[in-house]
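Here, each number is a calculation from the coordinates, and none is a lab measurement. Please read these numbers as outputs of a predicted model, since none were measured by experiment. Glycine gets a Cβ as well: all are built from the backbone with ideal geometry, and neighbour counts include every protein chain shown.
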Amino acid sequence: MSDGKVRIFDTTLRDGEQSPGASLTSAEKLVLARQIADLGVDVMEAGFPAASEDDWQAVRRIAVEVGTVTGPIICGLARAHKGDIERAWTAVKEAHHPRIHTFLATSDIHMEHKLRMTREEVVAKVREMVGYARSLCPDIEFSTEDACRSQPEFLVEVLTAAIEAGATTLNIPDTVGYTTPDEYGKLISYLIENTPGAQDVIWSVHCHNDLGLATANTLAGLAAGARQAEVTVNGIGERAGNTSLEEVVMALRTRHSRYALETGIDATQIARTSRMVSNYTGIPIQPNKAIVGANAFSHEAGIHQDGVLKHQATYEIMTPETVGYTTSKLVLGKHSGRHAFKVHLEGMGHRLTDEEIVKAFQRFKRVAERKKVVTDADLEAIIADECFREEQLFVLEGLQVAAGAPGMPTATIRLRTPGGEVETCAAIGTGPVDAIYRAIDSIVKTPIELAEFRVNAITEGIDALGDVTVRVRSQADSVRTFGGHGADTDILVAACKAYLSALNKLVAYQGQYTNHATTNRSSTIELVTTA
């Protein structure tokens, strides 16, 4: 394809969710899917349907509710196995534009040590499985896993077989983040020039960031003729992450004179989408992250401040408003009405049900009584914290904390349990947060470890909403972690909500409420506070 349109293939809900601690529930995936669709992506890889029943349900719900006539292509990932392909098809088939994405490794190291297959067997498998997928779905993407450590001549052979079997998109992933921009650009050019039928398919690039080159490699691949970029919001993903959606989109937009390529992304939705993904995955955005970091449009050096005040373009190559940042304040107080509140939320892009409006408005009223000014950023946190959650197994009913120096930090917690009973427990800890978590542990009785604890101020000022993100893991499974977040003007309440959010995900994933005592949770909590 030689046109100037770059298709944005978002894999936040699949590859991005594979980030440690980024596990999402089906309800959270649906909320994020709607926002990612509003962003204007062309393809949304909604998940890996064969991975679990919950993943299949999530992909199916997204296909039905987000994969509308005007919505993006809804894609499900499948290994090159009939069972996976069938599972993916049953999940995406109700979308107006469904796609099956299947893959097979092509590097010698993968074929020898992982697949234990010969080159001939790999080619035959690709032909068979791509053909089978095409018999179910008209839109098939095929990926050569670990392409950048594969022999180019063998890639041509495999890709030719995929085209002949019915693939409509060919993806050339840098699976382990190994290549460099010049190498990747040359590989894409070589494959397009030497693969029979190359002009009849869309060529795609999918890069990982192990050497910090994912965005550079993706741009090199697009410059060489690829017309689909596989990306994630905030660059989340396996190991060091994937190519960042916002970086590719804004690079193409800001340097249009260099690339002459365009996307269909509504850039003003970038900041909002970034915050939502961070909130739901529990993965904070580093302050110096390009485009969406807290410092991306900040200037501290005097010479920079002077230049920006005289002319913004002296030190800013794009404006904050371009990607959706705003300094607007919500000029509503505790006496404001629900209608004005609803209209303001709609202006921010939130489509809430009447029930969600009631919940958000009640929370807004409580915050407005404690803060003089409620900002849009505060509202984003309120909505994420109050409206977009699945039914909780353990629900906070009350919290009382006593702390000081000298003293013994003590927390009393009241929770509603999955059985509907209300249980109260008090505990002493090394600090107030530790005391809260020990009290919760005594009620939940699921052996867990606290892997991470972070505090962020959503806005400036002493009355700012505090946003807490945590990650927990089961003592029986030290690999899989679960993230949670909570927001409140009371940082201890926010910490309690975040811990409960993560625990609820862990307990739901386990499928049952275990009834044995919690032990060995680390009582050392690292506080990382940023404004």
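Things to note:
- Residues 74, 140, 462 arranged by fewest to most Cβ contacts within 10 Å: 462, 140, 74
- P(r) of the range 393-448 over all Cα-Cα pairs, binned every 10 Å from zero, in whole percent: 28, 50, 19, 3
- Positive end of the dipole of the chain (Cβ unit charges, origin at the Cα centre): among 419, 469, 214, the Cα lying farthest that way belongs to 419.
- Relative exposure of 408, 318, judged by other C-beta atoms within 10 Å (fewest first): 408, 318
- Computed about its Cα centre, the charge dipole of the range 7-281 is approximately 400 debye, with only Lys, Arg, Asp and Glu carrying charge at their Cβ.
- Over 25 Å between alpha carbons, listed pairs 29/359; 365/497; 289/342; 289/359; 29/114; 93/114: 289/342; 289/359; 29/114; 93/114
- Sorted by Cβ density within 10 Å, fewest first, the residues 358, 41: 358, 41
- Simple Cβ-charge dipole of the chain, Lys/Arg +1 and Asp/Glu -1, about Cα centre, in debye nearest 20: 1080 debye
- Binned Cα-Cα distance frequencies in the chain - 20 Å width, integer %: 21, 51, 25, 2
- Projecting the Cα positions of 166, 453, 241 onto the charge dipole of the chain (unit charges on Cβ atoms of Lys, Arg, Asp and Glu, taken about the Cα centre) puts 453 furthest along the positive direction.
- Sum of -39500 (n - 2.57) over DSSP H runs of 4+, divided by residues of the chain (222 nm, nearest 500): -11500 deg cm²/dmol
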